[in-house]
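Here the structure comes first, spelled out in structure tokens, and everything after it is commentary.
The values are calculated or read from the model by the stated rules, or taken from the named source; none is laboratory data. Quantities reported herein were computed from a predicted structural model and do not represent experimental measurements. When we count neighbours, we look across all protein chains shown, and the Cβ atoms used for this are built from the backbone with ideal geometry, even at glycine.
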Amino acid sequence: MNWLFPPLCAALLLSPSLASASGTVSMPPREEEMASASACAAYLRDRAAEDAQMAKPETLAEDGSRQTVSIEPISAGVEDLGRGRARYAARIWYVNGWPRPDLGQIEYRATWEAHTYECRGRRLIAQQSSGFTSESYEPMPAASDAKQ
């Protein structure tokens with residue numbers, strides 16, 4: 001039976017369904033002592049404001065490619081958790097699409113970055129992860145739709 005193992009592993013690893021699967025990478029938590037609990041909370045508010053400015057509606061290039069950046073809130077803004085604790089969490093989505101005339105479709109791929117920041121008094125705990133999704137498709141707009 002051991003003679004089956006290498007070909008089976010190769011077939012599984014090279015399978016198109018697995019090659020186009022989604023994935024996630026998480027970083028270990030990072031801790032930092034801030035000057036004070038209020039400085040830590042200010043840091044969270046700054047991160048939330050920076051994220052909000054990253055959002056970008058879908059843009060359409062002349063070649064039909066598209067790009068958008070959206071913010072998915074994980075927390076309800078900067079949350080006061082009580083007892084000197086606060087938290088902010090969001091996921092930033094980067095979606096790119098391009099026409100596939102050979103398929104009559106627009107192919108989309110998305111990547112994301114998620115972060116959670118928590119203040120426990122003046123201690124900041126940051127957790128970050130990133131990932132990607134499988135491709136998805138939607139019909140290409142008709143030529144008359146594309147000009148509008």
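In summary, Leu103 fulfils each of the numbered conditions (1) surrounded by fewer than 16 Cβ atoms within 10 Å (Cβ to Cβ); (2) touching a Lys or Arg at 6+ places or on another chain (Cβ under 9 Å); (3) closer than 30 Å to Glu135 by Cβ with the single exception of condition (2).
Contact list please: Cβ distance under 8 Å, first residue in region 115-135 and within 10 Å of Ala41 (Cα to Cα), second residue of a type in the set (Ser, Thr, Tyr) and surrounded by fewer than 15 Cβ atoms within 10 Å (Cβ to Cβ), pairs at least six apart or on different chains. Between residues of region 115-135 that are within 10 Å of Ala41 (Cα to Cα) and residues that are of a type in the set (Ser, Thr, Tyr) and surrounded by fewer than 15 Cβ atoms within 10 Å (Cβ to Cβ), the close pairs are Arg122/Ser36.
Among strands (runs of 3 or more DSSP E) entirely within region 55-108, having at least 1 residues that are under 19 Å from the mean Cα position of the chain (by Cα) and of a type in the set (Ser, Thr, Tyr) singles out 56-60, 66-73, 85-100. Being of a type in the set (D, E, K, R), farther than 23 Å from Glu32 by Cβ, surrounded by fewer than 16 Cβ atoms within 10 Å (Cβ to Cβ) and modelled with pLDDT of 95 or more holds for only one residue in Glu113, Glu79, Glu72, Glu135, and it is Glu72. Taken together, the criteria place Gln67 among residues that are surrounded by fewer than 16 Cβ atoms within 10 Å (Cβ to Cβ), over 27 Å from Tyr43 (Cα atoms) and of a type outside the set (Ser, Thr, Tyr).
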